[in-house]
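The structure appears below as structure tokens.
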Amino acid sequence: MAEPDLRGRVALVTGAARGIGAAIARRLAAGGASVLVTDIEEEGARTSAAEIVEGGGEAAGLGLDVADEAAWAKAMNAVVERFGALDVLVNNAGVASSARPLETLSLASWRRLTSINLDGVFLGTKHAIPRLAERAGRWHGGAAIVNVSSVMGFVGGRHAAAYCASKGGVRLFTKAAALELAPKHIRVNSVHPGFIDTPLFRAGVARMEAAEPGSGERFRSAVINRHPLGRRGAPDDIADGVAYRVSDAAAFVTGPELVVDGGYLAQ
């Protein structure tokens with residue numbers, strides 16, 4: 001995919017120490033954007049940013065707990081102090097829960113997952129609005145927010161109620177925010193990955209294998225079989241979609257979902 005022209009833009013990407021978030025940060029920087037790479041693991045965020053700089057891009061790393069409202073206020077100040085503005089927000093940070101029946105799911109576990117996956121998207125959007133609005137008129141497509149959801153924001157999954165609820169919430173939050181922020185020339189879209197080959201996915205498979213030898217490989221094969229294109233997705237597949245949505249090529253696109261799932265939901 002040709003790199004979108006993002007020269008002059010400033011982006012903040014959450015959950016970008018590795019996996020999908022790191023790929024998104026690299027793709028935006030390759031298009032010319034200056035990127036504040038954030039993650040709850042500050043060292044990982046700084047390492048990811050350093051790799052972008054080594055490749056000729058402009059980036060800085062920052063620790064950010066997306067469930068902490070005070071941390072978001074500091075992040076907004078940090079991006080303006082470092083790069084002078086904010087044009088793009090990518091709410092990518094998220095966690096997956098261990099497979100657990102509803103009757104054994106604790107309220108604490110439910111709240112921890114939704115605080116990151118859903119509250120974090122709300123808080124990021126809330127605190128970014130004033131900054132994005134300041135520069136929205138500078139771009140043909142306005143300012144842009146992309147919220148990374150999941151195919152599980154469309155369909156249910158056994159023993160994944162909290163995850164599905166949080167990702168479905170991101171999907172509809174995006175639509176409501178798109179309507180509210182359109183007059184401010186801020187576009188809001190969601191991207192819905194299928195099963196992507198990330199450290200998070202591989203760690204989940206490893207946990208299955210440790211608990212029951214052979215179960216991890218069975219799960220891995222089942223996941224591939226559920227994708228008609230015959231493979232798991234790669235982080236760059238998602239990064240391509242995000243880069244399109246924040247660029248002027250998507251200037252008339254706000255509110256809908258971009259599903260990047262190898263055909264998972266077509267069945």
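The values are calculated or read from the model by the stated rules, or taken from the named source; none is laboratory data. Predicted model only: the values in this text are computed from it and were never measured. Please note: Cβ atoms are built from the backbone with ideal geometry, for glycine as well, and neighbour counts cover all protein chains shown. What goes into the accessible areas is simple: the full protein's heavy atoms, side chains included, and nothing from ligands, DNA or RNA. Shrake-Rupley method; radii C 1.70, N 1.55, O 1.52, S 1.80 Å.
Val246 exposes around 0 Å² of accessible area when a 1.4 Å probe is run over every protein chain in place. The long axis of helix 161-181 is offset from the longest Cα principal axis of the chain by roughly 20 degrees. Within the shell of other residues whose beta carbon sits under 11 angstrom from the beta carbon of Ala162, the net charge comes to +4, with Lys and Arg scored +1 and Asp and Glu -1.
Could you tell me how many degrees, from 0 to 90 and to the nearest 10, lie between the Cα long axis of helix 199-211 and the main elongation axis, the longest principal axis, of the Cα atoms of the chain? Result, in degrees: 20. Accessible area per residue for region 1-72 is 40 Å², calculated with a 1.4 Å probe on protein heavy atoms, without ligands, DNA or RNA. Taking all protein chains in place and a 1.4 Å probe, what share, in percent, of the accessible surface of the chain do carbon and sulfur account for? Roughly 55 percent of what the probe reaches on the chain is carbon or sulfur. For the chain, the longest principal axis of the C-alpha atoms and the axis of helix 215-226 are separated by about 60°. Measuring only protein heavy atoms, the 1.4 Å probe finds Tyr244 accessible over about 80 Å².
Under the criterion of Cα pairs below 8 Å and six or more residues apart, the relative contact order for region 1-87 equals 27 percent. The distance between label points at Leu179 and Glu3 comes to 3.9 nm (points 7 Å beyond Cα on the Cα→Cβ vector). Under 1.5 on a/c is rounded, so check that first for region 3-78, then, if it is not, pick prolate when a/b is larger than b/c and oblate when it is not; a ≥ b ≥ c are the square roots of the alpha carbon gyration tensor eigenvalues. Since a/c reaches 1.5 and a/b is larger than b/c, the shape of region 3-78 is classed as prolate. In the context of the full set of protein chains, residues of region 115-174 present 38 Å² of accessible surface per residue (probe radius 1.4 Å, heavy atoms only). Each Lys or Arg adds one and each Asp or Glu subtracts one; over the other residues with Cβ under 14 Å from the Cβ of Ala30, this totals -3.
Relative protection proxy for 87-99, 104-116, 60-72, 227-239, from highest mean packing down: 87-99, 60-72, 227-239, 104-116 (other beta-carbon atoms within 10 angstrom). Rolling a 1.4 Å probe over the protein heavy atoms leaves Ile40 with an accessible area of roughly 120 Å². Summary value for the chain: 19 percent relative contact order, contacts being C-alpha pairs under 8 angstrom separated by 6+ residues. Rounded, prolate or oblate: pick one for region 41-101, where a ≥ b ≥ c are the square roots of the eigenvalues of its C-alpha gyration tensor, a/c under 1.5 means rounded, and failing that, prolate if a/b is larger than b/c, else oblate. Here region 41-101 falls in the oblate category.
Once you have a ≥ b ≥ c as the square roots of the Cα gyration tensor eigenvalues for region 120-212, tell me rounded if a/c is under 1.5, and otherwise prolate or oblate according to whether a/b is larger than b/c. Here region 120-212 falls in the prolate category.
Ordered from highest to lowest accessible area with the whole protein assembly present and a 1.4 Å probe, Phe83, Phe252, Phe154 read as Phe252, Phe154, Phe83.
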